[in-house]
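The values are calculated or read from the model by the stated rules, or taken from the named source; none is laboratory data. Source: prediction; values computed, not measured. With ideal geometry, Cβ positions are generated from the backbone for all residues, glycine too; neighbour counts draw on all protein chains shown. With ligands, DNA and RNA removed, areas are computed over all heavy atoms of the protein, side chains included. Shrake-Rupley method; radii C 1.70, N 1.55, O 1.52, S 1.80 Å.
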Amino acid sequence: MNYMDRNICAFKGSSVDISCSYSSHSDPITSKSWFVAEREDVQLYRPQAVDLLKDPEFTDRVQVLDPEPGRSTLRIMNLRLRDSAQYRFTFKSQRFEWERSFPGTTLTVTGTEEH
């Protein structure tokens, strides 16, 4: 797994692309997703990976682009200050699951607060 950028800074209201390349070593991929690393399940007090395409906070603001095999890009539009977080890609193949604990890309959203 290789992220194109480890740290990205973007303005509130803009869009950003977070990209990575990966290899399943010819093993067919059964699922893949992007998630926010810091999101936690309050009841269980443990990290919970929520696919951003299914997360209500990101509905209509995210796209996942797969420009070619072994590459994936998460596009987040209309950035909010609370989108500042670490984003990670994960995938499963028939033989293994890419470990979620590896670092991803940290996004920092900046902008002026409205008073």
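Laid out as a table, the results:
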item: Complete set of residues in the stretch 51-61 that are surrounded by fewer than 15 Cβ atoms within 10 Å (Cβ to Cβ) and assigned to a loop (DSSP other than H, G, I, E, B); result: THR59, ASP60
item: Leading residue by the ranking (nearest to the chain's Cα centre (by Cα)) among those in the stretch 82-109 that are charged (D, E, K, R) and either open to solvent by less than 10 Å² (accessible area, probe 1.4 Å) or within 26 Å of SER24 (Cβ to Cβ) (or both); result: ARG88
item: Hits in the stretch 66-81 (condition: under 14 Å from the mean Cα position of the chain (by Cα) and open to solvent by 60 Å² or more (accessible area, probe 1.4 Å)); result: ASP66, ARG71, ARG75
item: Residue match in the stretch 8-21 (condition: at pLDDT below 90 and either among the hydroxyl-bearing types (Ser, Thr, Tyr) or in contact with a Ser or Thr (Cβ under 9 Å, 6 or more places away or on another chain) (or both)); result: no
item: Pick from the stretch 1-20, criterion of a type in the set (Ser, Thr, Tyr) and within 13 Å of the chain's Cα centre (by Cα), ranking: nearest to THR105 (Cα to Cα); result: TYR3
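Every residue, every condition in (1) among the hydroxyl-bearing types (Ser, Thr, Tyr); (2) under 20 Å from SER15 (Cβ atoms); (3) in a loop (DSSP other than H, G, I, E, B); (4) at pLDDT 95 or above, yes or no:
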| residue | (1), (2), (3), (4) |
| --- | --- |
| SER31 | yes, no, no, no |
| ALA49 | no, no, yes, no |
| GLN63 | no, yes, no, yes |
| LEU79 | no, yes, yes, yes |
| GLN86 | no, yes, no, no |
| LEU107 | no, yes, no, yes |
| THR112 | yes, yes, yes, no |
| HIS115 | no, no, yes, no |
